[in-house]
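Throughout, read-outs are computed from the coordinates displayed, never taken from laboratory work. All values reported here derive from a predicted model rather than from experimental measurement. Please note: Cβ atoms are built from the backbone with ideal geometry, for glycine as well, and neighbour counts cover all protein chains shown.
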2 protein chains.
Amino acid sequence: MNPLQLFDTESSTFTYLLFTPGQPDAILIDPVARHWERDLQQLDRLGLQLAFVLETHVHADHVTSAGKLCGITGAKSAAPTGCGVGPADMQLNDGDQIAFADGEKICVIHTPGHTAGSMSYVWRDNVFTGDTLLIDGCGRTDFQSGSADALYTSVTTRLFSLPDDTRVWPAHDYKGRSASTIGWEKIHNARLAQSSRNDFIALMDSLHLPRPKLLEIAVTANQNLGLPHNA
Amino acid sequence: MNPLQLFDTESSTFTYLLFTPGQPDAILIDPVARHWERDLQQLDRLGLQLAFVLETHVHADHVTSAGKLCGITGAKSAAPTGCGVGPADMQLNDGDQIAFADGEKICVIHTPGHTAGSMSYVWRDNVFTGDTLLIDGCGRTDFQSGSADALYTSVTTRLFSLPDDTRVWPAHDYKGRSASTIGWEKIHNARLAQSSRNDFIALMDSLHLPRPKLLEIAVTANQNLGLPHNA
C-alpha cells in the first residue's frame, strides 16, 4: 500500500497520509502548519479518522500542525524521544511499534545524523526517512546536533539493511521527485552509495550551507507541536 | 493500493503511476510531455517497467508524453475509441479490461461529457476519472463534443454507482486537493451531488469559460500521442 503523498510548495515538504482500504484509522507524518485545513478535508473526503500524528524530527524549515490537528481530532501526537517535544503524547524510541487500523503497525528506527533524535518509520514495505535519507541525497548535518558520522551509520547500517524493494518516502524533495527504493539508493545515491565514511564526512563538512531562515522560530514552535507557547 | 500521484504545476494535471509491490509491471495514466524524463526516472527508482500508457481523453490543456514514453520503453499506448487517437496501440471501449502485472486489471468505463470519448478507469478500489469527475466539481463541457447532459448521466449513473469507498483520482485539481471518494462526491460535490439534470445543464451553460490557450495545438498533438506529425 502506498501512502498519499501531500506537498508544501513553500518548504518542499512531503506530508504522508497512511491508511488501508476499509479501515477508518489514518496516520499523518510530518504535517505542515499552513495546510492543517487541507489535511483535515483530505481525511474527510477519504472517510478517515486521524489516529496518530508522527514527526520524523524537529523541523528547522517549517512549523508542524501536529498540535492543532491532534487538538481538533483527538489523535495522539508522537515524536522521537531526544527531540525535546515535551507535550507529545508519545515519546518514541528505537524499536517501538505503533499499532493502528486492523493489524497495521509502524516500526520506529532511530536514524540520527540530520538531528540527534531523527527517526525513520517503517510501514509494510515503505520507509519514511524524514531528512535522513533523501532521494539521491541526504539531509544536512550541520546544526541541531547533526552528525555526518551518525548519518552515515544510520543510512548504511539501518536503512540500507531494509529489503531492496522497500519504497523510500523522504520528508523533502526539491527537484520534483516523489519516491525511491532502498535498492536504488544503495546503488545510486550520490552521497552515500559509493562513499567511504571519511569521504562522506569530508563532503558534508565542505557544504557550508546557509543557515535556515526559520531555524529558531521553527525549532521552538515544533518542540511545542506547533502550538503557541502560552496555549 | 494507492497509485503514485504526480503533478504538473503548469497545467495542474495529475499523472498516475499504478503498480503493485513485488511486480515490475506499471501503468501511467495521463503523462505530461514536459515530464517524460521525470516519469522514466521515477519508474527506474521504483524498479518498474512500463507496460501501458493510458489516456483518459484527448487533453486540451497539455500535451501527452504517451508516444515518447512508449517509443522508449516498448509499452503499449491505449486511448479511448472515439477520441481520434489513430496511432494508439489499443482503442478502448466501454467494458474493456486491461490486464497487467500478476492478476491486476483495469476496467474501462465510457464516461462522456467533458469530451465525447472520455473514459474512466477502475483499478481495484480506485477510479481515475479524468476531467469527468473532479474533486467537488467536474470538467467543462463546452468544447470537443462536450455535453453537460452526457456528463450528468456519466457521473450520476456510472461513477456514482461504484462503491462509496472507491477512491476518486481526478486528472486535475487547482486547489491543492489530492483525492476523494465516490461516497463523498455523491453527498458533497458542488455541481453534481444535489443538482437535477436540468439545473446542472443550466449551470454548465452559464459558465462562459475562456477558450483554452493550447486547444488546437494540444488536441492535434494529443491525437498523435504527443509525437511530431512527421514522425
Apart from one, (1) under 20 Å from B:PHE14 (Cα atoms); (2) in contact with a Lys or Arg (Cβ under 6 Å, 6 or more places away or on another chain) all hold for B:PRO112; the odd one out is (2)
Going through (1) surrounded by fewer than 23 Cβ atoms within 10 Å (Cβ to Cβ); (2) touching a Leu at 6+ places or on another chain (Cβ under 9 Å); (3) of a type outside the set (Gly, Ala, Ser) one by one, A:THR132 fails only at (1)
Residue count, segment B:64-84, condition more than 18 Å from B:LEU48 (Cβ to Cβ) and surrounded by fewer than 24 Cβ atoms within 10 Å (Cβ to Cβ), comes to 3
Pick from segment B:53-72 the residues that are part of a strand (DSSP E or B) and of a type in the set (A, V, I, L, M, F, W, C): which of them is farthest from B:ASP94 (Cα to Cα)?
B:VAL53
Can you spot a residue in segment A:7-14 that is at the interface with chain B (Cβ under 10 Å from one of its Cβ atoms), part of a strand (DSSP E or B) and either under 13 Å from the mean Cα position of the chain (by Cα) or of a type outside the set (S, T, N, Q) (or both)?
yes
Which one of these is buried (at least 18 other Cβ atoms within 10 Å of the Cβ) and among the basic types (Lys, Arg): B:ARG158, B:ARG197?
B:ARG158
One residue is enough: does segment B:36-52 have a residue meeting the conditions part of a loop (DSSP other than H, G, I, E, B), in contact with a strand residue (DSSP E or B) (Cβ under 7 Å, 6 or more places away or on another chain) and at positive phi?
yes
Within segment B:160-173, restricting to residues that are in a loop (DSSP other than H, G, I, E, B) and away from every other protein chain (no Cβ under 13 Å), the one that is nearest to the chain's Cα centre (by Cα) is B:ALA171
Residues located in segment B:174-190, provided they are within 17 Å of the chain's Cα centre (by Cα), outside any helix (DSSP H, G or I) and under 18 Å from B:GLY113 (Cβ atoms)
B:SER180
Somewhere in segment B:15-23, is a residue within 14 Å of another protein chain (Cβ to nearest Cβ), among the hydroxyl-bearing types (Ser, Thr, Tyr), buried (at least 20 other Cβ atoms within 10 Å of the Cβ) and assigned to a strand (DSSP E or B)?
yes
Among (1) in a loop (DSSP other than H, G, I, E, B); (2) under 27 Å from A:GLY176 (Cβ atoms), there is one condition A:TYR121 misses while meeting the rest; what is its number?
(1)
What do you reckon, is A:ASN189 under 30 Å from A:ILE72 (Cα atoms), of a type in the set (S, T, N, Q) and more than 10 Å from chain B (Cβ to nearest Cβ)?
no
